[in-house]
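Notes follow the structure.
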Amino acid sequence: MEYTHDDAGLARQPIGYWAPTAGRAVVAHIRGALGVLGLNQPQWWVLSQLTEHPDGKARKELSAFLQGYLEEGATLDGDIDSLVSRGLVQEDGPLLRVTTEGGALQARAAARQQAVREEIHAGIPDEEYVRTVKVLQRMIHNVGAKAWHH
C-alpha cells in the first residue's frame, strides 16, 4: 500500500473523514460476504445470537440486545420475520429458536466472517488494532459521547 502523507501529514488528517470512511468500507465488505450466503447483516446477528441461546430468546429481548447495532429508528422485526418465513428461525410461543437449517447457515456464515476478518486485519498486528480502538474510544469519550458494543 502506498501512503501519500508522512507521519506529520497524517497527524493533521481529519478523523471525521477517516473513521467513517473505514467503517463504510469494512461494513460494505462484510455485507457483500454475507450476501453471497443470502443473509444481510442484521439477519446474521439474529442467527448468531439465537445459536448462542439454544433454549431460545424472546423477540423483544433479542431486539433490545441488538438495538445498538442498528441505525437510529431501525428495527429487527422484518429481518426476524424473514428468517422465520425462510425456516431458519422458528417461533415457539414467546421464544425464537434457530432451526437446524438456520444453525447450518449460521455456521457457514461464521466461517465466512472469520475469513473476512482475516482479510480486513491482514498486516495489522493485534497491538496496532487494540491501540487504534483505544484511540477511537478516547476520542468518543473526549467529545462527551458514548460508544456501545457487546
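Residues considered: 136, 76. Of these, the only one that is within 18 Å of residue 23 (Cβ to Cβ) and aliphatic (A, V, I, L, M) is 136. If the condition is being of a type in the set (Phe, Trp, Tyr) and in contact with a Phe, Trp or Tyr (Cβ under 8 Å, 6 or more places away or on another chain), then segment 39-59 contributes only 45. Among the residues here, residue 117 qualifies as closer than 30 Å to residue 84 by Cα, out of contact with any strand residue (DSSP E or B) (no Cβ under 9 Å at 6 or more places or on another chain) and not hydrophobic (A, V, I, L, M, F, W, C).
Restricting attention to segment 22-67 and to residues that are open to solvent by 50 Å² or more (accessible area, probe 1.4 Å), assigned to a helix (DSSP H, G or I) and touching a residue at least 40 places away in the same chain (Cβ under 8 Å), the residue that is nearest to residue 147 (Cα to Cα) turns out to be 65. For segment 116-150, which residues satisfy the criterion of being under 30 Å from residue 62 (Cβ atoms) and touching a residue at least 12 places away in the same chain (Cβ under 8 Å)? Selection gives 116, 119, 120, 136, 148, 149, 150.
Considering only residues that are in a strand (DSSP E or B) and surrounded by 12 or more Cβ atoms within 10 Å (Cβ to Cβ), which ones fall in segment 81-124?
89, 90, 91, 95, 96, 97, 98
The values are calculated or read from the model by the stated rules, or taken from the named source; none is laboratory data. Worth saying up front: this structure is predicted, and the values here are computed from it rather than measured. Because the Cβ atoms are built from the backbone with ideal geometry, glycine has one as well, and the counts that use them run over all protein chains shown. Keep in mind that these areas ignore ligands, DNA and RNA; they rest on the heavy atoms of the full protein, side chains included. Shrake-Rupley method; radii C 1.70, N 1.55, O 1.52, S 1.80 Å.
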